[in-house]
1. Out of (1) assigned to a helix (DSSP H, G or I); (2) of a type in the set (D, E); (3) farther than 24 Å from A104 by Cβ, the odd one out for E176 is which?
2. Just for region 11-26: of the residues that are closer than 16 Å to L111 by Cα and without any contact (Cβ under 8 Å) to a residue 40 or more places away in the chain, which one is farthest from the chain's Cα centre (by Cα)?
3. Being assigned to a helix (DSSP H, G or I) and crowded, with 24+ Cβ neighbours inside 10 Å is the filter here, so list the residues in region 128-148 that pass it.
4. I'm told D69 meets every condition in (1) at pLDDT 95 or above; (2) within 22 Å of V11 (Cα to Cα) except one. Can you identify the failing condition by its number?
5. Here is a list: A247, A219, A251, A239. Which entry is farther than 25 Å from L131 by Cα and surrounded by 14 or more Cβ atoms within 10 Å (Cβ to Cβ)?
6. Any idea which of A242, A262 is of a type in the set (A, V, I, L, M) and at pLDDT 90 or above?
7. When A166 is evaluated against the numbered criteria (1) under 27 Å from A18 (Cβ atoms); (2) loosely packed, with under 14 Cβ neighbours inside 10 Å; (3) of a type outside the set (F, W, Y), which criterion, by number, is the only one it fails?
8. Report whether or not A112 is in contact with a Cys (Cβ under 6 Å, 6 or more places away or on another chain) and surrounded by 22 or more Cβ atoms within 10 Å (Cβ to Cβ).
Amino acid sequence: MEPSPESAVRVATADGVATVTLHRPAKRNAMTPAMWRRLADLLTGLAEDDTVRVLVLTGAEGTFSAGADIAALRAPAHAPGPGGGAAPAEEQQTLAVAAEEALAAFPKPTLAAVRGHCVGGGCQLAVACDLRFASEDALFGITPAKLGIVYPVTSTERLVRLVGPATAKYLLFSAELIDAARALRSGLADEVHPDDGLERRVAEFARTLTSRSGLTQAAAKEAADGRGTPQSAERWRRAAAASGETAEGVAAFLERRPPRWARA
C-alpha cells in the first residue's frame, strides 16, 4: 500500500531545528506528486514558524532520494486543451519546481543531510538547500538525459551558480553519478563525513546556527542568493539596531557569555 503524504514526508522539531525526512524507503524515497505537494506545504508552514531557526532535509534508511517516481510518468497523458491537464511528466516537473522554489526561498538556513543516492529530483532539492553535508557513500546525479526530459531552466541556473557551467554540463549531459569526494571538490557537497558521523555533525552544526543571530543570517542569505541591494542592507542594519541584536551581540562578546537573541 502506498504511504500517505504525511507519513512519506515527515517533520520533527526540537530546539529550534526542524528535520524534514523523505520517508518512502521501499522506493528509495522517490517522490510522488502527493509528496511534492506535501513538501511544499510543509515548507510554507515552517517558514512562518518563529520557533524554527534551522531546517534539515534528509532521507530515510540510508538514502536521500532517488528523485521523482518514474512509474508515475507512465500514466496516460490527460487530454490537451480546455478542461485537460498536463501530462504526468509535466505535472511532476511543475510540482518538483514548486517544492524546490519553496526550499530555496526558505528564509532560514537549510541543510541537506545526504546519504546514499541523491539523484534527479532528490539532487534538485539538495541543490536548493543552503548547504549539503554528505556521507562518504553518497552518490549525486541529475538524470533527465536518461529519460528525454528537459530539465527546468531555474533548476539548471541554480545548479550552474553552485558548481559552475562545466560541472553542471557534465552532470546534465551524461546523467552519470558522482561520488561524495568528487561532489566535495566540485562544490556540490560542503562537507563529507563517515556515515556513522554524519548525523552527529549535522546536529552539531545546526545547534551552532541556532546560537547565532537569526536576523544576521536572514540578511546574509538574502545577499548571498543575489536578492540583496544596498537599500535592503540598510534596512537590515536598522532592524538589527532597533531589535537590540547588535547591542546584545556586542555586550555578550565583551561579557564573555552566550548572546540572548530576541528571536531565539
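The values are calculated or read from the model by the stated rules, or taken from the named source; none is laboratory data. Since the model is a prediction, treat every value here as computed from it, not as a measurement. Don't worry about glycine lacking a Cβ; one is built from the backbone with ideal geometry, like all the others, and counts go over all protein chains shown.
1. (1)
2. A14
3. Within region 128-148, just A128 meets the criteria.
4. (1)
5. A239
6. Just one listed residue meets the conditions, A242.
7. Looking at each condition in turn, A166 falls short on (1).
8. Yes; evaluated as a whole, the condition is true for this residue.
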